1. I'd like the accessible area for Trp134: 1.4 Å probe, protein heavy atoms, all chains in place, Å² to the nearest 10.
2. Can you give me the solvent accessible area of Thr26 with a 1.4 Å probe, rounded to the nearest 10 Å²?
3. If DNA, RNA and ligands are ignored and the probe is 1.4 Å, what is the ranking of Thr68, Thr28 by accessible area, most exposed first?
4. Which FRET efficiency value, to the nearest 0.05, is calculated for Ser70 and Asp141 with the Förster distance at 25 angstrom and r the Cβ-Cβ distance?
5. Which whole-number percent of Cα pairs in the stretch 33-105 have a distance greater than 15 Å?
6. Tell me, what is the percent relative contact order of the chain, built from C-alpha pairs under 8 Å that lie six or more residues apart?
7. Please give the calculated 222 nm ellipticity per residue for the chain, where each DSSP H segment of at least 4 residues contributes -39500 (n - 2.57) and the sum is spread over every residue; nearest 500 deg cm²/dmol?
8. Can you figure out the FRET efficiency of Glu33 with Glu150, using R₀ = 22 Å and their beta-carbon distance, to the nearest 0.05?
Amino acid sequence: MRLYEAEFVRPDGIVNGHIVAPSGATATQFAKEYHDETGIHVSQITIARIDDKLPSRRRWGLDDLLETASIGFASECPPLGWFGHTLVQPRLKLYRIEPENEEAVHIIAQNPDVASAIWLCGLDLGDDGAHPFWSISQGLDHLDEQQRAEMENRLEVGPVGEYVWNSERGWALK
C-alpha cells in the first residue's frame, strides 16, 4: 500500500485528504466511488503519492498503516501518528471536550475514544501524570451557522486532530 494526497474540487470548494491504496489508479477509483456513493459532485480529483517523500518526523505510524490498512482515507495526527478511517462510518465526527475550568477544545475523530486520546496526547501532564476531569459531547451542537458550514467538509475526509476557530480564517488544524 501507498499513501496519496488527494484534492477534490467541488462546487462548495476544495477538499483535501489522504488515501491509502496500492496505486494511484486505485486511489482515484476509490475517490470516485466514494463521491458517487455519497452523492457529492466532484469536478476534478488530483492524486499524488507522498509516502516516499515524507520526512522521518512525519512518518510516525505510517509504515504500520501501509502494511495493515485496507483501501480508504487516512489522517495524520501528530501526537498519535497516521491511521486509517473505515468506510463503515464514512464521516468523521466533531467532538467538543470541555476540561474542568478550561476552554473547550474541538477535535475531529472517528469516535469519542480517539478524540479523547488526541486531546490527552496534547496535554502536559507534569510529573505526576494527573489530568483534569473533562466532559465530551457532539461538537456540531455547539457551533454557530458559519462555524458549522466550514466544519462540514472536514468531517468527510479529515484530517483527524484538534481544531481551533478564528473568525477571520475559519477552522485550522492545531
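The values are calculated or read from the model by the stated rules, or taken from the named source; none is laboratory data. Being a predicted model, the structure only gives us computed values, none of them experimental. Ideal geometry is used to build each Cβ from the backbone, glycine not excepted, and the neighbour counts take in all protein chains shown. Keep in mind that these areas ignore ligands, DNA and RNA; they rest on the heavy atoms of the full protein, side chains included. Shrake-Rupley method; radii C 1.70, N 1.55, O 1.52, S 1.80 Å.
1. 80 Å²
2. 40 Å²
3. Working: Thr68 115, Thr28 35 Å².
The ordering from most to least exposed comes out as Thr68, Thr28.
4. Details: r = 32 Å, r/R0 = 1.26.
It comes to 0.20.
5. Values: 1825 of 2628 pairs.
Roughly 69 percent, once rounded to a whole number.
6. On the way: 304 pairs, mean separation 35.4, N = 174.
Relative CO of the chain lands at 20 percent.
7. Roughly -7000 deg cm²/dmol at 222 nm, from the helical runs in the chain.
8. 0.25
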